[in-house]
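Since the structure comes first, as structure tokens, the remarks are kept for the end.
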Amino acid sequence: MGEIDDAIERADQEAFTREPPKTLKGRINFLIRQLKTTRAVAAELGVSQRSVERYRTGERRHPPKDIQQRIDTAVRSRWQPQVRKRRRKQAAATGGITVETRARFGYTAPIGTTDDGRFRRLTVHLTPEHARRLFEARDAGAGDQEMRQIIADGFKDVYFQDGGVRAMDLSDVAINDIDYLDLDY
């Protein structure tokens with residue numbers, strides 16, 4: 001996963017109205033309800049079917065750290081899909097998306113102005129249109145670079161050009177060297 005995917009996942013997890021199961025047994029039972037069989041859960045986690053059965057019965061309570069992480073990731077990715085879907089739909093329709101980042105921004109500017117990239121710390125509320133484009137690209141399997149460009153276009157429109165009030169000669173904005181990126185919607 002890329003930086004943008006990770007940021008979207010963190011934003012999705014902040015939307016949970018209830019916490020996912022805490023116990024290993026509860027998490028395994030949740031995965032079995034979602035995937036229907038212990039074999040499917042085992043394939044998802046990369047363990048044997050017997051291991052899944054041991055986790056389910058409580059025979060084994062402490063899986064190795066990497067398997068514990070895989071279980072956590074599998075549960076969180078399937079937890080409350082309707083809540084996530086509703087929040088994304090709202091962001092794409094009316095709410096927009098807030099992007100907080102520290103990254104190097106560069107852009108193509110007219111002759112006589114500086115177009116040197118420099119680090120900036122920005123918190124910008126992007127329009128619902130940019131949120132919709134970002135979610136559609138992610139659902140279509142777009143790469144991190146394509147999603148970065150969607151966010152860069154949003155920064156260009158909202159921050160650099162201030163909705164069409166200034167810097168109209170500015171053409172391309174690029175985001176490079178991201179220190180951190182956080183999304184909220």
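The values are calculated or read from the model by the stated rules, or taken from the named source; none is laboratory data. A quick note: this is a predicted structure, and the numbers were derived from the prediction, not measured. All Cβ positions, even for glycine, are placed from backbone atoms using ideal geometry, and neighbour counts span all protein chains on display. Surface accessibility is based on the protein's heavy atoms, side chains included, excluding ligands, DNA and RNA. Shrake-Rupley method; radii C 1.70, N 1.55, O 1.52, S 1.80 Å.
Consider segment 1-38 and keep the residues that are more than 14 Å from the chain's Cα centre (by Cα) and of a type in the set (S, T, N, Q). The one that is least open to solvent (accessible area, probe 1.4 Å) is 38. For first residues located in segment 126-143 and within 13 Å of residue 93 (Cβ to Cβ), partners that are among the β-branched types (Val, Ile, Thr) and assigned to a strand (DSSP E or B) and lie 6+ apart or on another chain with Cβ distances below 6 Å form the pairs 131/97.
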